[in-house]
Amino acid sequence: MATPSPSPSTSNGPVTFQRQGDVCVVTIDNPPVNALGVDVRRGLAAAIDAAEADSSAKAVLIVGAGRNFIAGADIREFGQAPQQPSLPEVCLKIENCTKPVVAAIHGAALGGGLEIALSAHYRLAAPTAKLGLPEVALGLLPGSGGTQRAPRLIGVKPALELMLSGRHAGAKEALSLGLVDRLGNDADARAEGLAYAQELVAANAPVRRTREAAGLADKDAARAALDAARADTAKKSRGLFSPMKIIEAVEGALTLPFDEGMALERKLFLQCIDSPQRAGLIHAFFAEREVLKAPETRSATPRALTSAGIVGGGTMGAGIAVAMLDAGLPVTMVERDDTQLARGRANVEKVYDGLIAKGRMTPEAKAAVMARFSGSTSYDAFANVDIVVEAVFEEMGVKKAVFAELDRVCKKGAVLATNTSYLDIDEIAASISRPQDVVGLHFFSPANIMKLLEIVVPAKVSADVVATGFELAKKLKKVPVRAGVCDGFIGNRILAVYRQAADHMMEDGASPYDIDAAVRNFGYPMGPFQVSDLAGGDIGWATRKRKAATRDPQARYVQVADRICERGWFGQKTQRGYYLYPEGARTGQPDPEVLAIIDTERVRAGITPRTFTEEEIMRRYMAAMINEGANVVLQRIALRPLDVDVTFLYGYGFPRHRGGPMKYADTVGLPKVLADIREFAKEDPIFWKPSPLLVELVERGADFASLNQSE
Ligand code: 3HC
Ligand code: NAI
């Protein structure tokens, strides 16, 4: 069909209206992602009014300019005073249009973006389009008719699955689900949408309202899907607020007329909006994007990153090698000797063999990946690599010897990175002739899975090396956080402090099992003593022994962990730690002998045990975390409180719906946190010293969020 030439366009804010033959083309152009802010909603409403008023127009086409159709509601507007028209009103206006409305989708049609498309009468998707209702990830439910229209269009079961998982469906799947009517052939959704609209006009096609679709006809199947989702969600969604609200809203689609279902959806949506979980999850959404904006990523261009070297093939070296291989990089591993090199290679292969055993990789794919892997016992193998990550034993002497070799063999401009957990990277950098190339890349175990990458910035490093660290994170699909040099950087430094708070409570009367349960009920997947058992108690024991000479003799030191380690109980790997792990078990059982050890330690320390409520456990645990987080921000180890938040969300299992420890502190209120610390300081003024930053913020009546804008 010939494409008629377009009429001059008229704009209503970010929405443009243009006649092309019989079709009114409505284009949303609101960079970066065409979010449905108030101006877009007004523009869309005006465009539909204009199309209705134009007596010679026969159909309407809605498209997005740029890379996406529409990414959803404007997330920045949540929590602010609502502005008219609301998105549900705009969707209803589209659906009520008396001329066929086509949505031509390319890129993302997410949340409110998909709800706009569902309100249209016909939908076409470009082959690369992504469609979804990801509101659950923000603590919300689809609040513009998604819970009412999607089940009517595609049935309760698939609609619930999309809403509860929040996942994005590809265009092909969307077609098979019935979310869209037609697949485009290429990425020019506008042209294909226009042809589709013209075709509909030529065929005199009727308006086809989703609210009248027949997806709920099989009531029994719909009811069964609701019951199953309810049971599954009760098991899995650990204290999350919005999933059950989604189910309740979808149930409304089944039991109520459309208008009443919409009213129910609105009521439940507003409950979600008011929930602190929504605030926490949206904070996490923006924070994980803000961490990418470090000063060096703005000022410098990353160096080339086409090949990588790894020193050490142990737990971390092998994991980092897998992460690099998975990102498509060729990897060269250097180990001490042939035996260790064979072990390093085997550690890498073990990961892929595990995937093959689970049916998630073919032997051929493994062979293709391993073809990019090479090993050597000579550092000369690194002569041409762009970046080397060192992951050898945590000893300064060993690290310096490795860096001397790297200094000798690596080409000019190669990035020389260390994965040290605690050692002074300035000292490592100062020991070689090119400190400007030395950076910390602190991966977390297992390094091929954990998302966090602390990019540790020593004093002499050049900005483009730091920018290369961020670029590597992007290639590896990790979340980078910029950190300064100190003992433990952001995460492990704060961990050391709240871990001590947990030990103090254990000695004062709470059992490790009580503390772990409280921390799990707060939303963590595991408590601190379970984590110790998983990581291996020997690691912390070695660190404590190393630091024994420099420990403040006045500071409280709980010896329970040492007593446990002295017995050779290092956790899961020895089938015994704080918990008992009978043969093969990964979930521990409480151990009466551990409780007896704790009792003995209490007697030795002259402590009469007292009871702790779960609430007090978490108050102390979080106060210790927040206070050290404030110190880390004050000393510029973290650029902003949000960098601490992202570190804990991605490296330490902090419950995402609470936004991170600093966001949580704002939610509780900083005066309350400070009052707690001052109260605890009455018992132990050495451990509980209020951070000067926390004190200052309370005096100014400010919160941590006010510091997130500062960079
Ligand atoms: N509202 C406001 N800003 C948004 C936004 C939204 N819905 N989606 C993305 N942005 C911003 C980002 O914060 C970022 O801003 P920055 O450049 O200042 O950091 C910018 O747009 C680009 O985003 P990304 O870096 O994420 O770009 P990508 O190209 O990597 O990803 C995307 C694009 C897949 C669309 C991704 O941005 C995304 O998943 N967005 C959120 C989708 C979503 O959750 N939609 C549901 C919203 S809630 C809703 O619609 C409620 C309704 O039911 C009533
Ligand atoms: P590991 O003991 O499992 O592996 C170390 C490897 O380095 C061994 O295979 C050893 O043969 C090799 N090695 C030692 N000296 C070498 C040398 N001179 N040249 C070449 N290879 C040498 O140790 P792991 O756990 O992998 O830790 C490595 C580093 O990563 C340490 O600095 C550690 O602090 C850090 N780290 C460890 C984490 C963990 O959870 N295990 C997490 C984050 C960082």
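Points to keep in mind about this one:
- Within region 375-391, being in contact with a helix residue (DSSP H, G or I) (Cβ under 7 Å, 6 or more places away or on another chain) and within 14 Å of ligand 2 (Cβ to nearest atom) holds for G375, T377, Y379, D380, F382, V388, V389, E390, A391.
Residue-wise test of (1) touching a strand residue (DSSP E or B) at 6+ places or on another chain (Cβ under 7 Å); (2) in contact (Cβ under 8 Å) with a residue 24 or more places away in the chain.
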position: V465; (1), (2): yes, yes
position: E471; (1), (2): no, yes
position: K477; (1), (2): no, yes
position: D487; (1), (2): no, yes
position: M506; (1), (2): no, yes
position: S511; (1), (2): no, yes
position: R520; (1), (2): no, no
position: P525; (1), (2): no, yes
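- The residue list P295, P243 contains one member that is within 16 Å of ligand 1 (Cβ to nearest atom), closer than 24 Å to V481 by Cβ and touching a residue at least 40 places away in the same chain (Cβ under 8 Å), which is P295.
- Matching residues, region 305-332, being more than 8 Å from ligand 2 (Cβ to nearest atom), farther than 14 Å from L441 by Cα and either among the β-branched types (V, I, T) or part of a helix (DSSP H, G or I) (or both): T306, V322, L325, D326, V331, T332
- The residue that is farthest from A327 (Cα to Cα), counting only those in region 470-494 that are hydrophobic (A, V, I, L, M, F, W, C) and in contact with a Phe, Trp or Tyr (Cβ under 7 Å, 6 or more places away or on another chain), is A483.
- Candidate set: region 422-445, residues that are modelled with pLDDT under 95 and within 26 Å of the chain's Cα centre (by Cα); chosen: the one nearest to L406 (Cα to Cα): Y422
- Flag if G440 is within 15 Å of E296 (Cβ to Cβ), in contact with a strand residue (DSSP E or B) (Cβ under 8 Å, 6 or more places away or on another chain) and within 13 Å of ligand 2 (Cβ to nearest atom): yes
- Looking only at region 435-470, residues that are of a type outside the set (G, A, S), more than 30 Å from V531 (Cα to Cα) and crowded, with 18+ Cβ neighbours inside 10 Å come to 8 in all.
- Residues satisfying the stated conditions in region 40-84, i.e. within 13 Å of ligand 1 (Cβ to nearest atom) and surrounded by fewer than 23 Cβ atoms within 10 Å (Cβ to Cβ): G66, R67, D74, I75, R76, E77, F78, G79, Q80, P82
- Filtered by the rule that a residue be among the hydrophobic types (A, V, I, L, M, F, W, C), over 22 Å from I637 (Cα atoms) and more than 14 Å from ligand 2 (Cβ to nearest atom), region 409-437 gives C410, A414, I432.
- Cβ-Cβ contacts under 9 Å between residues 6 or more apart (or on different chains), taken from a first residue in region 301-312 that is charged (D, E, K, R) to a second residue that is within 16 Å of ligand 1 (Cβ to nearest atom) and modelled with pLDDT of 95 or more, are listed as R303/E471.
- Residue selection: T339 satisfies the criterion of being more than 23 Å from L416 (Cβ to Cβ), within 11 Å of ligand 2 (Cβ to nearest atom), free of Cβ contacts under 8 Å to residues at least 12 places away in the same chain and loosely packed, with under 15 Cβ neighbours inside 10 Å.
- Test for E394: is it surrounded by fewer than 18 Cβ atoms within 10 Å (Cβ to Cβ), more than 22 Å from D326 (Cβ to Cβ), charged (D, E, K, R) and within 11 Å of ligand 2 (Cβ to nearest atom): yes
- Counting the residues of region 479-513 that are surrounded by 23 or more Cβ atoms within 10 Å (Cβ to Cβ) and at pLDDT below 95 gives 0.
- Taken together, the residues in region 653-689 that are surrounded by 21 or more Cβ atoms within 10 Å (Cβ to Cβ) and part of a loop (DSSP other than H, G, I, E, B) amount to 4.
- Within region 644-672, the set of residues being aromatic (F, W, Y) and within 16 Å of the chain's Cα centre (by Cα) comprises F648, Y650, Y652, F654.
- Looking only at residues in region 539-571 that are touching a residue at least 12 places away in the same chain (Cβ under 8 Å), under 34 Å from the mean Cα position of the chain (by Cα) and assigned to a helix (DSSP H, G or I), the one that is nearest to H504 (Cα to Cα) is A561.
- Of the residues making up region 45-79, just one is basic (K, R), modelled with pLDDT of 95 or more and over 17 Å from R190 (Cβ atoms), namely K58.
- Among the candidates R42, R123, the residue that is modelled with pLDDT of 95 or more, assigned to a strand (DSSP E or B), touching a helix residue (DSSP H, G or I) at 6+ places or on another chain (Cβ under 9 Å) and more than 16 Å from ligand 2 (Cβ to nearest atom) is uniquely R123.
- Taken together, V632, V698 contain a single residue that is farther than 30 Å from G440 by Cβ, assigned to a helix (DSSP H, G or I) and modelled with pLDDT of 95 or more, which is V698.
The values are calculated or read from the model by the stated rules, or taken from the named source; none is laboratory data. Predicted model, so just to flag it, every value in this text is computed and none were measured. Quick reminder, even Gly has a Cβ in these numbers, built from the backbone with ideal geometry, and neighbours come from all protein chains shown.
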